[in-house]
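K.L.:
Please find one structure pasted underneath; my questions will follow.
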Amino acid sequence: MRSRTALLAAAALTAAATGTATAVTAPGAAAAAGCTVAYTVQTQWDSGFTSGVTVTNTGDPVSGWNLTWTFAGNQRVTQGWNADLSQSGAGVTARNVAHNGTLATGASASFGFNASYSGSNAVPATFKLNGVTCNAGPVDPDPPTDPPGPGARVDNPYAGAKVYVNPEWSARAAAEPGGTRISDRPTGVWLDRTAAIEGVGSAMGLRDHLDAALTQKGTGELVVQLVIYNLPGRDCSALASNGELGATEIDRYKTQYIDPIAAILADQKYAGLRIVTTVEIDSLPNLVTNVTPRPTATPNCDTMKANGNYQKGVGYALNKLGDAPNVYNYVDAGHHGWLGWDDNFGPSAEIFKTAATTEGATLGDVHGFIVNTANYSALKENHFTVDDSVNGVSVRQTKWVDWNRYVDELSYAQAMRAKLVTLGFDSNLGMLIDTSRNGWGGAARPAAPGPRTSADAYVDGGRFDRRIHLGNWCNQSGAGLGERPQAAPAAGIDAYVWMKPPGESDGSSKAIPNDEGKGFDRMCDPTYEGNPRNNNNMSGALADSPLSGQWFSGQFQELMRNAYPAL
C-alpha cells in the first residue's frame, strides 16, 4: 500500500467560513494519531457571530484534549457550550468537559461559542490539538531524520515546487490581446484520447511534455499535471465530451491507453518530476445521479452502471499509474452543485472507495481528490452560508441552494475529504480545487449580501456564482478566471489548480462533424431551454463555441474580463 507521508507543517486557512484541519497526539503518547477539525461560522451579524467546532479523532483513542487557536482580528469569546473555553489576548483554548473527553478512533466531539468582533471575521489560520499543529496528519513518534530522496513521494506534491507551464497553451494564451498577463500560468495537460499519448498532428505528446518539464524544472522541484480522460463510454450523461471508446471496450482502455501512459511515467528519465494525475473526470458520480430510477437517468449511464467498466477503468488506472513513486493520483469527485445533496454525497463517496479497491488498486493508490474540474462553482460564497435564514426561511429552501448541504467548493471539498477519511482513505488525504473558471468577477460580482426581503432575494442578490442554474456546465456566460494556482491555500487543500486550461471550449454550440467521438450536446447551445439535470432552465452557454478542447477566443477574453481577483 502506497500511503502518504506525514508532513509536520500546517497549511494556512483562508478567510473562509468553514475549515478543516488534521492533527495530533495526546501529550506523552507514542502512537500515531490524527483528527479532523471542522470550524464553521454558523451565523454572523454586525457585531457578533456564532461558531461551531467538531473534532473527529482519526487515530488512536485519546483521553483528554484541548484545542487552541489565535484569532486574526479582535474577536472575543463571550459564551461557550460543550467545552471549557478561555481566552488570553487573541489566543483561545477549548478544553473538553467531563462527558466528551474520551475520543475513540472515529469518534467526534462538538462544541460551540458566541463571540463579538468588528471589522473582518477571518477563520483562524492555525489550530493546535494537544499542542501539535493541525493539518500535520498522522504523527510518526519516531520520524526519520533524513529528508526524502529524489523522486520519493511527499505529502503535498505542490509544496515547494514549481508547476509545469504547457508551452502550447501558453502560446495560444499569449497570442490573445492581454493574454500575456496569464500565459505563464500552469495548466493541465489533457490526454483525452489514445492518440494524444504520442501527439495528434503537430501537437506535443506525453514524452514531449515531460521532456519540456525537465527543462523547466532546473534544479528545483516541478509538478506536471496530467488529466487521464478516456474511459469506455465516457461521460454517459453528456454528449459534448463523449470519447473514442465504446461502453464495452475496457480491454482496449487498459492495453492501448493506460498501459502506454504508465510505461512512460515509469521511465527513470522522469523520476525526478512530481507527476499529478487527475483520474477520469465526470465519470463515477454519474453512477449515482444519472441512473435509474433517478429522473435524470440516461440509458448510457444505466449501461455503464450495469457493466462496471467505470469502476474497473478507474481502479486499473490507479493501480498501474500509482506504481511509480513519483506519481500522485487524484480522483475526480464532482462538485458541490452535483454531489452536495445528502442522497448524492454519501453514495458517491462509497463509489469512489469501490473504484479505488477494484482491479488491483488499493486506497493507498489514491493521493487525493479533485473537485470542480472544468466547472464553474464559486470557490467561496462570502455573503451567505447554508445555515442562514431570512424571516424564518432557511437558505437551503431557496431556488438556488435547493436543499443542498453546501453553497461553495471549499466547504464541499473539505467535507468530502472528511467523509472519505471515515471510509478508510488516508487521514492525510489532500484535495485539489480547479479555480480556472470560477472567479465570477467583473461588474456583476455582488459587493454585499442581497436584500433580506426574502430568502431567495438574499441569496440571489449576494451570490458570486451568476449561472442561471448550478446544473449548467458548458461555456458559461459571465464566468471569469478564479484564484491563481497556489499550493496549500486552505486546510486539507493541497492546491488551487487550473486543471482546465482557460480558453479551451467545453463543447460546440452547434453540431460539428468530427473524428474525436464528440457529440453535440444541447447544453452548449445558448438557445436550449434545459432538461431535468438543470431543472429545465436556459443553458447559459456562450454562442459560437467550437468542439470541446478546441481554442475558444471569445471565452478566453470573457474569462480575463471577469477574473477575480482581477488581472
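The values are calculated or read from the model by the stated rules, or taken from the named source; none is laboratory data. Keep in mind it's a predicted model, so treat the numbers as computed, not measured. Using ideal geometry, Cβ is built from the backbone for each residue, glycine included, and neighbour counts are taken over all protein chains shown. Remember, those area values only see protein heavy atoms, side chains included, never the ligands or the DNA or RNA. Shrake-Rupley method; radii C 1.70, N 1.55, O 1.52, S 1.80 Å.
K.L.:
Please go through (1) under 30 Å from ASP60 (Cβ atoms); (2) open to solvent by less than 30 Å² (accessible area, probe 1.4 Å) for ASP408 and return the number of the only condition it doesn't satisfy.
P.N.:
(1)
K.L.:
Can you name every residue in segment 319-334 that is without any contact (Cβ under 8 Å) to a residue 60 or more places away in the chain and touching an Asp or Glu at 6+ places or on another chain (Cβ under 7 Å)?
P.N.:
The answer is ASN319, ASN329, ASP332.
K.L.:
How many residues does segment 441-500 hold that are of a type in the set (A, V, I, L, M, F, W, C) and open to solvent by 40 Å² or more (accessible area, probe 1.4 Å)?
P.N.:
7
K.L.:
Can you tell me how many residues within segment 419-460 are under 20 Å from ASP332 (Cβ atoms) and basic (Lys, Arg)?
P.N.:
Residues that pass the stated criteria total 2.
K.L.:
State the number of residues belonging to segment 248-280 that are open to solvent by less than 10 Å² (accessible area, probe 1.4 Å) and not in a helix (DSSP H, G or I).
P.N.:
Residues flagged as open to solvent by less than 10 Å² (accessible area, probe 1.4 Å) and not in a helix (DSSP H, G or I) within segment 248-280 amount to 7.
K.L.:
Just give me the residues in segment 49-90 being assigned to a strand (DSSP E or B), open to solvent by less than 50 Å² (accessible area, probe 1.4 Å) and of a type in the set (Ser, Thr, Tyr), in sequence order.
P.N.:
If the condition is that a residue be assigned to a strand (DSSP E or B), open to solvent by less than 50 Å² (accessible area, probe 1.4 Å) and of a type in the set (Ser, Thr, Tyr), then THR50, SER51, THR54, THR56, THR68 are the ones that fit.
K.L.:
May I pose another question? Could you please find all residues in segment 544-562 being open to solvent by 50 Å² or more (accessible area, probe 1.4 Å) and under 23 Å from GLY243 (Cα atoms)?
P.N.:
Hits for segment 544-562 are ASP544, GLN550, TRP551.
K.L.:
Just to verify a result, which residue in segment 171-215, among those that are closer than 16 Å to LEU567 by Cβ and either in contact with a His (Cβ under 6 Å, 6 or more places away or on another chain) or without any contact (Cβ under 8 Å) to a residue 24 or more places away in the chain (or both), is surrounded by the fewest Cβ atoms within 10 Å (Cβ to Cβ)?
P.N.:
The selected residue is ASP184.
K.L.:
While we're here: Inside segment 302-357, counting only helices (runs of 4 or more DSSP H) that do not spill past its ends, which hold 1 or more residues that are of a type outside the set (D, E, K, R) and within 17 Å of the chain's Cα centre (by Cα)?
P.N.:
336-339, 342-355
K.L.:
When segment 352-380 is examined, which residues are found to be within 24 Å of SER436 (Cα to Cα) and either at pLDDT below 95 or of a type in the set (Val, Ile, Thr) (or both)?
P.N.:
Correct list: VAL366, ILE370, VAL371, THR373.
K.L.:
I need the full set of residues from segment 281-300 which are in a helix (DSSP H, G or I) and either closer than 16 Å to ASN344 by Cβ or under 22 Å from the mean Cα position of the chain (by Cα) (or both), in order please.
P.N.:
Scanning segment 281-300 gives ASN286, LEU287, VAL288, THR289.
K.L.:
Related question: Before we move on, is ASN290 open to solvent by less than 10 Å² (accessible area, probe 1.4 Å), within 18 Å of ARG533 (Cα to Cα) and either of a type outside the set (D, E, K, R) or in contact (Cβ under 8 Å) with a residue 40 or more places away in the chain (or both)?
P.N.:
Yes: the conditions hold for ASN290.
Residue-wise test of (1) in contact (Cβ under 8 Å) with a residue 12 or more places away in the chain; (2) touching a strand residue (DSSP E or B) at 6+ places or on another chain (Cβ under 9 Å).
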{"position": "THR277", "(1), (2)": "yes, yes"}
{"position": "PRO299", "(1), (2)": "no, no"}
{"position": "MET304", "(1), (2)": "yes, no"}
{"position": "HIS336", "(1), (2)": "yes, yes"}
{"position": "SER348", "(1), (2)": "yes, no"}
{"position": "PHE352", "(1), (2)": "yes, yes"}
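K.L.:
In this structure, does GLU381 turn out to be free of Cβ contacts under 8 Å to residues at least 60 places away in the same chain, buried (at least 17 other Cβ atoms within 10 Å of the Cβ) and part of a loop (DSSP other than H, G, I, E, B)?
P.N.:
No: the conditions fail for GLU381.
K.L.:
Considering each residue of segment 293-330, count those that are open to solvent by 30 Å² or more (accessible area, probe 1.4 Å) and either acidic (Asp, Glu) or in contact with a Pro (Cβ under 7 Å, 6 or more places away or on another chain) (or both), and give that number.
P.N.:
Number satisfying all stated conditions: 3.
K.L.:
Also: Could you grab me the full set of residues in segment 216-247 that are open to solvent by 30 Å² or more (accessible area, probe 1.4 Å) and in contact with a Phe, Trp or Tyr (Cβ under 7 Å, 6 or more places away or on another chain)?
P.N.:
GLN216, LEU239 - these are the residues of segment 216-247 that are open to solvent by 30 Å² or more (accessible area, probe 1.4 Å) and in contact with a Phe, Trp or Tyr (Cβ under 7 Å, 6 or more places away or on another chain).
K.L.:
Also, I was wondering about something else. Name the one entry in GLY430, GLY450 that is at pLDDT 95 or above and more than 11 Å from the chain's Cα centre (by Cα).
P.N.:
GLY450
K.L.:
At pLDDT 95 or above, touching a helix residue (DSSP H, G or I) at 6+ places or on another chain (Cβ under 9 Å) and either under 21 Å from VAL189 (Cβ atoms) or not in a loop (DSSP other than H, G, I, E, B) (or both) - does that describe any residue in segment 529-536?
P.N.:
Within segment 529-536 (the criterion being at pLDDT 95 or above, touching a helix residue (DSSP H, G or I) at 6+ places or on another chain (Cβ under 9 Å) and either under 21 Å from VAL189 (Cβ atoms) or not in a loop (DSSP other than H, G, I, E, B) (or both)), the answer is no, since none of the residues qualifies.
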